[in-house]
Amino acid sequence: MQRNEIKFKLDNSNLIKFKNETKLFSVYPQRRVFSIYFDTIDYKDFIDSEEGTVPRKKIRLRYYNSFYENLNDDKKIKGSIELKKTLDFHREKKSIKIFDTLKNSITVCKNFLNQKRYPVCAITYQRNYYKSSSGIRVTVDKNIQYYKINRYHQLILNNYENENIIEMKIEDIDKNNSFETDFLSAYRVRFSKYCEAVRKIKIII
């Protein structure tokens, strides 16, 4: 899947204003997203993202409406392995459905790419799904929490996001028909939940 993403960071009051000014309709029930992010021993994916290097990639495990504080849990759960690639003018995402224990799925992710990767952090948030009258998909992520993973593969809540993240997902990369307004433009950001987690958890000093 090829697409462009435009992101905005809004506090709760501006989020209300955003919803009032845009004609969005809900297309899917709210879900809780639970993701585990992986990186190389020297944090190559984090550094590439921070420096804006292209092409770059990111790998994660993603689950919906599930949360596990112990990653050694032996219960099989439905999820997906997601590989995101950022190229010069667009992004690509590949998603592979899985049904296995967290422990086994983590092992698969560690060896999924040509350079070994390790679980670095976990992130949870509430996501709402909308669509504009012009067909743009919009997600609103709230209550973002960042978890550190200790050496026993247990999650420790370490930090959180005070604001909300809005994403416009533009499928037609040849036509930017976003509904970005002057109000929204002031809050446009370059934002990566994974990079924000690494900084806030202070994994790299």
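The values are calculated or read from the model by the stated rules, or taken from the named source; none is laboratory data. None of the values given here were measured: they were computed from a predicted structure. Note that we place each Cβ from the backbone using ideal geometry, even for glycine, and neighbour counts take in every protein chain shown.
One table, with the values for the structure above:
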item: Selection within region 99-118 - of a type outside the set (K, R) and surrounded by fewer than 19 Cβ atoms within 10 Å (Cβ to Cβ); result: F99, D100, T101, N104, T107, V108, N111, F112, L113, N114, Q115, Y118
item: Some residue of region 99-114 being touching a His at 6+ places or on another chain (Cβ under 7 Å) and either farther than 26 Å from I166 by Cα or part of a loop (DSSP other than H, G, I, E, B) (or both); result: no
item: Enumeration of residues in region 128-155 that are over 19 Å from E171 (Cα atoms), basic (K, R) and surrounded by 15 or more Cβ atoms within 10 Å (Cβ to Cβ); result: K142, K148
item: Some residue of region 72-79 being polar (S, T, N, Q) and either farther than 22 Å from L157 by Cα or assigned to a strand (DSSP E or B) (or both); result: no
item: Count - residues of region 32-63 that are surrounded by fewer than 14 Cβ atoms within 10 Å (Cβ to Cβ) and in a strand (DSSP E or B); result: 0
item: Condition met for S178 (modelled with pLDDT under 95, within 16 Å of F8 (Cα to Cα) and either assigned to a strand (DSSP E or B) or out of contact with any Ser or Thr (no Cβ under 7 Å at 6 or more places or on another chain) (or both)); result: yes
item: Residues of region 128-170 satisfying the condition of being of a type in the set (D, E, K, R) and within 23 Å of E21 (Cβ to Cβ); result: K131, R137, D141, K142, E161, E163, E167, K169
